[in-house]
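Shown next, in structure tokens, is the structure this report addresses.
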Amino acid sequence: MEDPRALIAREPMHYRQVIAIGIATALNALDGFDVLSISFAAPGIAKDWGIDRAALGLVLSMELFGMGIGAFVLGNLADKVGRRPMLLACLVIMGIGMALASTATTVPILSAYRLFTGLGIGGMLAATNAVVAECSNARRRNLTVAIMAGGYPMGAIVGGSVASWLLATTGRWESVFQFGAVITLCFIPLVLWLVPETMAFLLLKRPAGALEKINRTLVRQGRQPLPHMPPVDPVKQKTSVAALFAPGLSSVTVLLTTVCFFHMMTFYFLVKWIPKIVVDLGFAPAAAGGVLVWANIGGAIGSVAVSLLSQKIGIRPLVVGSMILGGGAVMLFGQGFSTLGGLSLIACIACFFTNAAIAGFYAVIAQSFPAALRAGGTGLVVGVGRAGAAFGPIVAGLLFSAGWGLAPVAMTLACGTLLAAVALSLVRYRESAIA
């Protein structure tokens, strides 16, 4: 009896696999909007509450702290209870958090709500990365994971365009969070209907009814059902955090977390501070949101580009090159531009390379950990990375408050992604099977 994991890895993907990957990509797009919703709302919050840049930098980073905790804790939990239940739980957390954020009246309360929202966003990212890797065949795995990562800027583009319209129409920053809450909760029935538990998880953990669930998925994909479960591979049952630091995997885990920390520090400095920087240059909040939308258009194109190139070029050289070029573009953004067109163009270029690096990096993560550790490994790497993501906006806020100009701040924060490129070039791993 052939293991269905080997079958799926070898054969062309069924349309139901494509749908599940599409839903996971849309969930990552939802993450993109939910994370950046605070950036779109930030100018209005700063104006209404009269807070300085240092305090604003902290507010901008709170859900990133939550994302780090959520990615690590909920990512590991997804390796124990399943990818599908974790997707649903994270949607509930995110929807409630977004709704509560719209009711906040003080910085501490808003920070607490954003921290809570971040728990769901972090867990969602770890689970969706595992879903896409395990639903794809071997030939298209790098492509589909990179496409999933490209959903993030697409969510910021679509959601950001709506947010800019809401800000211009209502003049209320609360409307951004209200819109996010409604859209988030609407995804729950879609996941229930279209995203089954992955066969890789069911074969590893073997919960009650696993064979029936596997056969239901196989039949829906036009494949033969299994008469019984394949033999257990005991090596692949290890799901503890300690297993991530076992011989042969520890150096990969440490280096990947280092890469994620420093690159996310640069990326989130850029996307979190763009609206406030543009407003401080004298432009309207709605126009500032437009610049962030253009930045994410660049990010989306970068994700597509790295997805296509990964079919011809090794994924790691693509990521290293994107990081180096992205660091240079962030430094250039710091030189300042006097027109919205110039700001939009350089923001677009900077996010093209920095988000291309993120899209490719998720493919590196997915192929670096076996299925038993995939969500947990992703959660650990992304969790530590979110600490860097939170660190970037906070450091930028402190430097701005200390009197630093945009150019030295951008140059300092751009060094993060350059350090990440060096760390990734040191990673030595053997691409794992999807099982």
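Highest first, please rank the peptides 67-80, 249-262, 189-202 by the mean number of other Cβ atoms sitting within 10 Å of their residues.
Top of the packing list down: 67-80, 249-262, 189-202.
Using a probe radius of 1.4 Å on heavy atoms only, what accessible surface per residue do you get for segment 94-190? Whole Å² is fine.
Values: 3210 Å² over 97 residues.
Result: 33 Å² per residue.
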Per residue, how large is the accessible surface of segment 291-435? Use a 1.4 angstrom probe and give square angstrom.
34
Can you give the three extents of the C-alpha atoms in segment 238-293 along their principal axes, from longest to shortest, in whole Å?
55, 18, 13
What residue among Leu125, Leu203, Leu60 shows peak mean-square fluctuation when the chain is described by a Gaussian network model with Cα springs under 10 Å?
Leu203
Students often check this: by mean Cβ neighbours within 10 Å, which of 104-111, 90-97 ranks highest, and how do the rest follow?
90-97, 104-111
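Counting only protein heavy atoms and using a 1.4 Å probe, what share of the accessible area of segment 137-187 belongs to carbon plus sulfur, as a whole percent?
Details: 1380 of 2010 Å².
Using a 1.4 Å probe with all protein chains present, segment 137-187 comes out at 69 percent carbon and sulfur.
For the ranges 41-52, 323-334, what's the packing order if you count other beta-carbon atoms within 10 Å of each residue, average per peptide, and put the highest first? Working shown, then result.
Numbers: 41-52: 17.8, 323-334: 22.8.
Peptide ranking by packing, descending: 323-334, 41-52.
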For Tyr152, what accessible area in Å² do you get when you roll a 1.4 Å probe over the heavy atoms of the protein chains, rounding to the nearest 10?
20
At 1.002 mPa s and 20 °C, plugging the Kirkwood radius over alpha-carbon pairs of the chain into Stokes-Einstein gives what diffusion coefficient in µm²/s?
100
Scalar couplings 3J(HN,Hα) for segment 39-46 by Karplus 6.51 cos²θ - 1.76 cosθ + 1.60 (θ = phi - 60°), nearest whole Hz, x for Gly and Pro, are 5, 5, 7, 4, x, x, 5, 4
Measure off, as a whole percent, the carbon and sulfur share of the 1.4 Å-probe accessible area of segment 14-114, all protein chains present.
72
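Carbon and sulfur: what percent of segment 337-435's accessible surface (1.4 Å probe)? Kindly include the intermediate steps, with their values, before the conclusion.
On the way: 2300 of 3090 Å².
That share works out to 74 percent.
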Kirkwood calc, segment 26-154, C-alpha pairs only, radius in angstrom 15.2
Calculate the spin-label point distance for Phe245 paired with Ser161, positioning each point 7 Å from the Cα along the beta-carbon direction, and give it in nanometres.
4.7
Please list, in order along segment 90-101, the HN-Hα scalar couplings obtained from phi with the Karplus expression 6.51 cos²θ - 1.76 cosθ + 1.60 (θ = phi - 60°), rounded to whole Hz, x for Gly and Pro.
5, 4, 5, 4, 5, x, 5, x, 5, 5, 5, 4
In whole Hz, what ³J(HN,Hα) sequence does segment 359-365 give by Karplus (6.51, -1.76, 1.60; θ = phi - 60°), x for Gly and Pro?
4, x, 5, 5, 5, 4, 4
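The values are calculated or read from the model by the stated rules, or taken from the named source; none is laboratory data. Every value quoted in this text rests on a predicted model; they were computed, and no experiment measured them. Neighbour counts are summed over all protein chains in view; Cβ atoms, including those assigned to glycine, are modelled from backbone coordinates with ideal geometry. Side chains included, ligands, DNA and RNA excluded: accessible areas come from the protein's heavy atoms. Shrake-Rupley method; radii C 1.70, N 1.55, O 1.52, S 1.80 Å.
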